[in-house]
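Inspection log for the structure reproduced underneath, given as structure tokens.
The values are calculated or read from the model by the stated rules, or taken from the named source; none is laboratory data. Owing to the predicted nature of the structure, the values given are computational and were not obtained by experimental measurement. FYI the Cβ positions are ideal-geometry reconstructions off the backbone, even for glycines, and counts take in every protein chain you see. The area values use the complete protein model at the heavy-atom level, side chains included, leaving out ligands, DNA and RNA. Shrake-Rupley method; radii C 1.70, N 1.55, O 1.52, S 1.80 Å.
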Amino acid sequence: MNLFNNCIKAMTVIVSAFAGQAAFAADGITIDHLGVNNTLVRVDGQDGYLMIPVQDSADDAKIDVLVDGRTAETIYVRLAKSKTDFTVPFDLSPYKGKNVIFNIVTPQGRSSVREAKEDACWKSFELSKKFKIKNTDKYRPAYHHTPLWGWMNDPNGMFYKDGTWHLYYQRNPYGSKWQNMTWGHSTSTDLINWEQQPDAIRPDGLGAIFSGSCVIDHNNTAGMGKDAVIALYTSAATSQIQSLAASNDNGTSFTKYAANPVLTLESEARDPNMFWNQETGEWNMVLAHALDHEMLFFTSPDLKTWTLQSAFGKGEGCQDGVWECPDLFELPVEGSNDKKWVLICNINPGGPFGGSAVQYFIGDWNGKKFTADTDLSGKIPTKWLDFGKDNYALVSWSDAPGNRRTVIGWMSNWQYAADVPTMQFRSANTLPREMGLFRAPDGQIYASCAPAPELEALRGKQIKAVKTAKINSKPKTYALPAENGGICEILVDLDTRKAKTISLEMSNNANEKVILTYNSEAHTLSFDRTQSGIVDFSESFPAVTTAPTFEADGHLSLRIFVDRSSMEVFGNGGRCVMTNLVFPTKPYTSLSISAQGGNARISNLKIYGIHN
């Protein structure tokens, strides 16, 4: 009997010891530490949000979300270890009234459960009925689209319907570095003001949700409803396969096709981009054969059954990096009755200044095959759409009004996208732009990319206006607005006359500056950001980028958009484009213009503040 009583006492001590592992981090939350790397976080069956604490420098923890004992989803979060940088919301409303447990496996090694319990995250989990985001990042753009929180990369799935522009994008809802790829969703009626919507397509058993496209199925070819919005995207797990989803509420929510995937290949392919071909009466689709450095072309009668027709690209253009995020569309050639097709091919790495960039090909499309134009030597030339470092994954909206070809890109570069000095969010989109075609002095047809006309509505008070001014080696200086992080728009016409170059320097009193230099003899415009502010977070960031101006008369009209962490430069109506991030510690407050090698002239200089 004494032996039995002693055993009971020992068991009681053990049970009590293990019961002591449970802790209540906040009302409605119970935490059970199971070992040095495994913890359960239990929440009661309410709606609202579980606020998850994140430390940007930590490693990903794997979190299985168990609902009534079954795994509902798996996410990866950089849980705070030594400090909480910010919190992200996990929406509990789909699981209201059910038992929800977060089974967390952390990767960091610990010597004991006691040490594991000291991680900052366990004291910072909270439940909240509402989730409100307060901007904590000084470099968050004032007038570019950004996610309210978390990581963003490629735009995808964009379409226009009933007066609304829909923008989907690659997103991590649970941190500001790449992970948990989901289709985020924002909408706008004017291409300026964006409203973040609930995430549209989330990962499933086929994998993460990579890039793709959306079309409006006006004729119900897919059998999913007249005017249904159909999404075709890449499901990415061990392999990359193509999946379909349909929306009957104008793109707010999607139902995944039960027979997914609709297209599989024996090698890596991704980012399907589809459109209705009125001439042939069928759907066309271009798919990036990423590692083979080519594009594959398919046709379909119903968006579900796809037939391979041809391929283009092996050995052509830049072959240094993977090919991805394609687009294909027809445009008129300015000043003629000709039309040409443009094949967009985003590439990483291999850009003209390192890392990511947008290359394109001009040619013809017969519904099954793309034939690229050649230069005078008979070769297919490599052409770049943007000569900055920070425009990638550029694609267009489908069904845009007035036959417009409106595009937008991801404003960053894979060389340093995860390291830029922001934390609450990472990455913005470029400003929306209008595509066109023009014939340059060399006889070749090139693509232009001009600011969308809606952007003129951004202009606030005109701060400075100069009709004409003589420019020489002594700089003329004009004030830039300091409020709202120095956001502004600058317009100026340059005439080099006898000068060799004209330089525009935007600077602050911390001796940080960006220098634009127009060389009329070389027909180039350069952008020097080596002294632009914070540049030491990546050896690939300090750079001088140079663009051809495609002019032959020494005249260049510039339109420059300055936001808190970017500059977008458009020359001669978008024939010359450079997009570059900048991170000044203080806003640029001065514009100085000078000429080298002789006298030059500027005219029509206008500086506008921008509505925030």
So, with a 1.4 angstrom probe, what is the percent of accessible area on the chain that is carbon and sulfur? 49 percent
Once you have the Cα-Cα distance between residue 46 and residue 320, take 0.36 nm times their residue separation minus that, and quote the gain in nm to one decimal. 93.5 nm
Show 579, 187 ordered by accessible area, largest first, where the area counts protein heavy atoms only and the probe is 1.4 Å. 187, 579
Two-site label geometry, residue 291 and residue 138: point separation in nm, points 7 Å out along Cα→Cβ: 4.4 nm
Give, in nm to one decimal, the length gained when the segment between residue 366 and residue 187 is fully stretched (0.36 nm per residue of separation minus the Cα-Cα distance). 61.1 nm
Can you tell which of 534, 580, 594 lies farthest toward the positive end of the dipole of the range 529-606, using +1 and -1 charges on the Cβ of basic and acidic side chains (Lys, Arg; Asp, Glu)? 594
Between residue 218 and residue 162, what is the label-to-label distance in nm when each label sits 7 Å out along the Cα-to-Cβ direction? 1.7 nm
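What is the gain in length, in nm to one decimal, between residue 377 and residue 308 on full extension, counting 0.36 nm per residue of separation less the C-alpha to C-alpha distance? Intermediate results must be reported in sequence, preceding the final value.
On the way: separation 69, 0.36 × 69 = 24.84 nm, distance 3.10 nm.
Contour length minus Cα-Cα distance gives 21.7 nm.
Give me the 1.4 Å probe accessible area per residue for the range 155-299, excluding ligands and nucleic acids, in Å².
Per residue, the range 155-299 has an accessible area of 35 Å².
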Estimate the FRET efficiency between residue 544 and residue 27 by the formula 1/(1 + (r/R0)^6), using the beta-carbon distance for r and 51 Å for R0, to the nearest 0.05. 0.35
Towards the positive end of the charge dipole of the chain, with charges on Cβ (+1 Lys, Arg; -1 Asp, Glu), say which of 371, 143, 347 has the farthest Cα. 143
Using label points projected 7 Å from each Cα along Cα→Cβ, tell me how many nm separate residue 476 and residue 524, to one decimal. 2.7 nm
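Which pairs in the list 98/130; 389/470; 96/226; 340/379 are over 24 Å apart, alpha-carbon to alpha-carbon? Could the numbers behind the result be given before it?
Details: 98/130 19 Å; 389/470 32 Å; 96/226 34 Å; 340/379 18 Å.
Beyond 24 Å: 389/470; 96/226.
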First measure r as the distance between the Cβ atoms of residue 334 and residue 59, then evaluate 1/(1 + (r/R0)^6) with R0 = 41 Å and state the FRET efficiency to the nearest 0.05. 0.20
Calculate the FRET efficiency for residue 279 and residue 148 from the Cβ-Cβ distance with a Förster distance of 45 Å, rounded to the nearest 0.05. 0.60
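Hey, if we sort 233, 76 by accessible area with the 1.4 Å probe, largest down, what's the order?
Working: 233 0, 76 85 Å².
Solvent-accessible surface, decreasing: 76, 233.
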Could you work out the relative contact order of the range 57-207? I mean the mean sequence separation of Cα pairs under 8 Å and 6+ apart, divided by the number of residues, in percent. 18 percent
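Roughly how many debye, to the nearest 20, is the charge dipole of the chain about its Cα centre, given +1 on each Lys and Arg Cβ, -1 on each Asp and Glu Cβ, and no other charges?
Here the size comes out at about 1660 debye.
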What does the charge dipole of the range 241-367 about its Cα centre add up to, to the nearest 20 debye, if the Cβ of each Lys and Arg holds +1 and the Cβ of each Asp and Glu holds -1? 240 debye
Compute the long axis of helix 2-19 from its Cα atoms, compare it with the longest principal axis of the Cα atoms of the chain, and write down the angle in degrees, 0 to 90, nearest 10. 20 degrees
Residues of the range 528-585: accessible area per residue with a 1.4 Å probe, Å²: 29 Å²
What percent do you get for the relative contact order of the chain when only Cα pairs under 8 Å and 6+ apart count? 10 percent
Cross-link partners of residue 177 among aspartates and glutamates (Cα-Cα below 18 Å; sequence separation of 8 or more within a chain): 56, 59, 60, 85, 137, 154, 199, 390, 419
Under 18 Å from the 7 Å Cα→Cβ point of residue 419, by amide nitrogen: which residues of the range 363-405? 389-391
